[in-house]
1. Report, by residue number, each residue of region 301-325 that is among the small types (Gly, Ala, Ser) and modelled with pLDDT of 90 or more.
2. Just the residues that are of a type in the set (D, E, K, R) and either surrounded by fewer than 23 Cβ atoms within 10 Å (Cβ to Cβ) or part of a helix (DSSP H, G or I) (or both), please, taken from region 151-162.
3. As an exercise: evaluate Lys194 against (1) touching a residue at least 24 places away in the same chain (Cβ under 8 Å); (2) open to solvent by less than 60 Å² (accessible area, probe 1.4 Å) and give the number of the one condition it does not meet.
4. Considering only residues that are touching a helix residue (DSSP H, G or I) at 6+ places or on another chain (Cβ under 6 Å) and touching a residue at least 24 places away in the same chain (Cβ under 8 Å), look in region 442-452 and name the one that is surrounded by the most Cβ atoms within 10 Å (Cβ to Cβ).
5. Open to solvent by 40 Å² or more (accessible area, probe 1.4 Å) and in contact with a strand residue (DSSP E or B) (Cβ under 9 Å, 6 or more places away or on another chain): does that describe Ser203?
6. With the checklist (1) buried (at least 18 other Cβ atoms within 10 Å of the Cβ); (2) of a type in the set (A, V, I, L, M); (3) farther than 25 Å from Val47 by Cβ in hand, flag the one item Ile148 doesn't pass.
7. Note down all Cβ pairs under 9 Å where the first residue falls in region 167-183 and is farther than 15 Å from Arg41 by Cβ and open to solvent by less than 20 Å² (accessible area, probe 1.4 Å), the second is in a loop (DSSP other than H, G, I, E, B) and small (Gly, Ala, Ser), and they're at least six residues apart or on different chains.
8. Taking region 310-349 only, how many residues are part of a helix (DSSP H, G or I) and more than 21 Å from Phe256 (Cβ to Cβ)?
Amino acid sequence: MTSIITSLTSKKIKLPDLLKDFGKVFTDAGFKAYLVGGAVRDMFMKVPAHDWDIATNATPQDVIKLFKFVVPTGIEHGTVTVHFKGNEIEVTTFRTEAGYSDGRHPDSINYAATIEEDLARRDFTMNAIAASLEDGLVVDPYKGQEDIKNKIIRTVGVPHERFMEDGLRPVRALRFASKLGFSIENNTYSEIFKPEIQKKVASISIERFRDEFEKIMASPKPSVGMKLLEETGLLKIFIPEFTVCRGCIQSDYRAFHKFDVMNHLLYACDGAPTEKLNVRLAALFHDIGKPAAKKIIKETVLDGEKNDGSKKEIETITFYNHESFSEKITEKLMTRLRFSNDMIHNVCHLVKEHMFHYESNWSDAAVRRFIMRVQPEYMEDLYDLRLADMYGMYNEKVDVRYSSSVALLLELKERVKSELEKKNVLSLKSLAVNGRDLMAIGVPAGKELGRILNELLDCVVEDPEMNTKETLLKTAKEISRIS
């Protein structure tokens, strides 16, 4: 879709031909139709608009009659999705709403007569702008264009009323601040801290929070949104596991870390690829188990600075096996947030494996064992996670020209690539023998069979030349006799 640009002071915007043609169907039938929501905001911000949301005085039944392909995606809320010239366009009848007692859906919906009434129900001024599909004329009763120009997030009307209508709106305010780089207007922001608003936010469904959380993860710098969630207390409501990460000091006399665990996680998330939700989540959670694993070891050592035989006490901070703690915590919290099983498994696996320590003296067999443990499909994501971890140590991109850690990572990456290209055996299914072959030479079925197969795999990983049926059957007989 071609980028659509308009002046912030313009009373009209230039609409794409697709929307003009779409709007003509409504106009010819005597209805009014307006482009609303994020697309209008994006146009005023001079960024490409992709998703088209239309508000109209036509009822869903009217829309169904006007177009050939219409899906009743939310007809109980006045919304249908129209398939038009290869595009899906969401169409909602002008409406007003009252109450969100379940934290998710309005208790009642009434159709409105005008676009102005419809805009009055919206959350923020920047989202309460409409453009007529007939002539591009802008309807902006709450000065949303001005707030976009000044990069301000402000509720439509009284913040308390808007937030009490829907507990998701405070979370959306923080998400927009993270995504757009806007600041939140003082009265709007201070309202989020009030107990009744916090209670309202806590009542929303976990799926609605997760959806906003994912969008924060897709922001240019997720740390912005996460710090706002933390500062307002909303993070503690939904992901309390982070509480102990704030103030959990990592640095000791060795000066390995600059930040506490919380900031390290947030900055590591910033350093992960924007398009990879799984890696960003893994970066955010990879050290979340450090507070549980933390130990402080006190030692008395010679004071090397004085050279007089005097001693001093030093403290060494350790986090042994923290990746296992982190994996368990990550699985629990992602399950609670109702991520898909595939995403949970993916992120937990990356968290579990992020502490690998590659050295140049690894044998080729060691590289193959590393591939087997991590699994080939996770390799690129694990490299990205390691780079994000490095980023999070100093809140800046590592200069690859001077980093021995990056040099080792690149070396490992090349060695893994080389081993994968050789197509060596990395799993039981690639062995030249199987269970039936072993039973044919007298190996009993059951645990013994499985043990021998795994020992054969171990042999082949160490020496790929052994992967012939004759050699493996001979080896199996030797292993069986020894046992």
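1. Answer for region 301-325, where residues must be among the small types (Gly, Ala, Ser) and modelled with pLDDT of 90 or more: just Ser324.
2. Passing the criteria: Lys151, Glu161, Arg162.
3. (2)
4. Ile452
5. no
6. Exception for Ile148: condition (3).
7. Gly167/Gly103; Gly167/Ser203; Leu168/Gly103; Leu168/Ser205; Ser178/Ser219
8. Residues meeting the conditions: 19.
The values are calculated or read from the model by the stated rules, or taken from the named source; none is laboratory data. Note that this is a predicted model, so its numbers are computed, not measured. For neighbour counting, all protein chains shown are included, and Cβ atoms are generated from backbone atoms with ideal geometry for every residue, glycine included. Calculation scope for accessible area: heavy atoms of the full protein, side chains included, ligands and nucleic acids excluded. Shrake-Rupley method; radii C 1.70, N 1.55, O 1.52, S 1.80 Å.
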